[in-house]
Amino acid sequence: MENVPKDKPQEEEASQAVVVFGTRWCAATQYVRRYLDRNDVAHSFRDIDRDKEAADKVRWWTGGYLSHPTVKIHSDILVEPLSNEIQAALEKNNLV
Amino acid sequence: MAMTPEDRMAELTQRFGQLEPELEASPEKEALSILHAMIQEVRRDLLKGSEISAQETSRAFEKVANLYKSAPGMEGPAENPGLAVGSQAPDFTLLDANANQVTLSDLRGKNVVLVFYPLDWSPACSDQLSLYQSELDDFAKHDAQVIGISVDSLYSHGAWAAVRDITFPLLADFNPHGEISRLYKVMRQTDGFSERALYIIDRQGIIRYSHVSPLIHYIPDIYELFEQLESINQA
């Protein structure tokens, strides 16, 4: 699933259990998205290069850094997570 | 009704996110943001599930394996255009990490994903090849062989592949230095290593996809790669 539409970003995002904030050119962002794909975890992607609101969120969550990927799994905010950290968060939130 | 801890955290997280646009930039706002980031790092430690690989490896190996994280980054615009789609992929023979000769034309009959990358041990390159390693099953489903090429020696390739668990061939464009990179029009004369570039070569040896990263730290979009492979296989 691609970027959340800008007209209702917060409402849409609230309904998405997993949101990946990152860039299309970042290997780590691509890795996380594909990891979720392979594990059949529904998720959306917010491109922080093109979506200022998404970039502002990431900076807000990370103390000002535009860290990518930043992965929101329900209320857990994972900054540049390893795959075992993603897996643990998915299991904790009953998404796998 | 009493909220569960998870529901409470979800509500607090949502309210925190909603506050951001309402606050003017200030030291106080920055302090709140930093505090949030610190809390997430603490939660990150609590969330860790699987055994960390460092527990199973020596400290020295872990240090080497993670060197790329603190290595100086590479930046800068592309200097070369690469070869055009539709052209015949130039044949070559290079050594892999085990000193085996690998000849491109021997791979006729399969799609080849030819990955030119600047250098072993560097940050973006480490992530890019690990990404492809994790996707090898999907590349195989698309009848595609992934091959990496850089100007590093076969000894560097061997060590790096061992540390990063890379199992697809890494070829040494070492001597003459960058000869194949020049053949494929991706050699950065100013730096002495290649562009970050990627070619998809079809079963007949024709270039069907050509990508030179506009900035050297940009990794080609893997979704686009698979779309291209699907398109080639359906043709």
For a quick check of your reading: which strands (runs of 3 or more DSSP E) sit entirely within the stretch A:31-96 and have at least 2 residues that are touching a residue at least 40 places away in the same chain (Cβ under 8 Å), farther than 18 Å from B:VAL42 by Cβ and in contact with a strand residue (DSSP E or B) (Cβ under 7 Å, 6 or more places away or on another chain)? A:44-47
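Only residues that are closer than 20 Å to B:VAL64 by Cα and in contact (Cβ under 8 Å) with a residue 24 or more places away in the chain: list them for the stretch B:160-194, please. Show your work before the answer.
From the stretch B:160-194, those closer than 20 Å to B:VAL64 by Cα are B:160-167, B:170; that's our starting set.
Result: B:TRP160, B:ALA161, B:VAL163, B:ARG164, B:ASP165, B:ILE166, B:THR167, B:LEU170.
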If you go through the stretch B:199-228, how many residues are touching a residue at least 24 places away in the same chain (Cβ under 8 Å), within 14 Å of chain A (Cβ to nearest Cβ) and under 14 Å from B:PHE139 (Cα atoms)? 3
Taking the conditions exactly as written (in a strand (DSSP E or B) and buried (at least 19 other Cβ atoms within 10 Å of the Cβ)), does B:TYR209 satisfy them or not? yes
Output yes when any residue across the stretch B:149-172 is in contact with a strand residue (DSSP E or B) (Cβ under 7 Å, 6 or more places away or on another chain), surrounded by fewer than 23 Cβ atoms within 10 Å (Cβ to Cβ) and at positive phi, and no when none is. no
Being among the basic types (Lys, Arg) and either in contact with a Cys (Cβ under 6 Å, 6 or more places away or on another chain) or under 16 Å from A:LYS72 (Cβ atoms) (or both) is the filter; apply it to the stretch B:1-45 and report the residue that is surrounded by the most Cβ atoms within 10 Å (Cβ to Cβ). B:ARG44
How about the stretch A:46-96: which of its residues are more than 10 Å from chain B (Cβ to nearest Cβ) and in contact with a Phe, Trp or Tyr (Cβ under 6 Å, 6 or more places away or on another chain)? A:ARG46, A:ILE48, A:ALA54, A:VAL58
Sort out for me the helices (runs of 4 or more DSSP H) sitting completely within the stretch B:48-162 that have 2 or more residues that are among the aliphatic types (A, V, I, L, M), over 15 Å from B:LEU198 (Cα atoms) and modelled with pLDDT of 95 or more. B:136-141
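The values are calculated or read from the model by the stated rules, or taken from the named source; none is laboratory data. Please read all numbers here as calculations on a predicted model, not as lab measurements. Ideal geometry is used to build each Cβ from the backbone, glycine not excepted, and the neighbour counts take in all protein chains shown.
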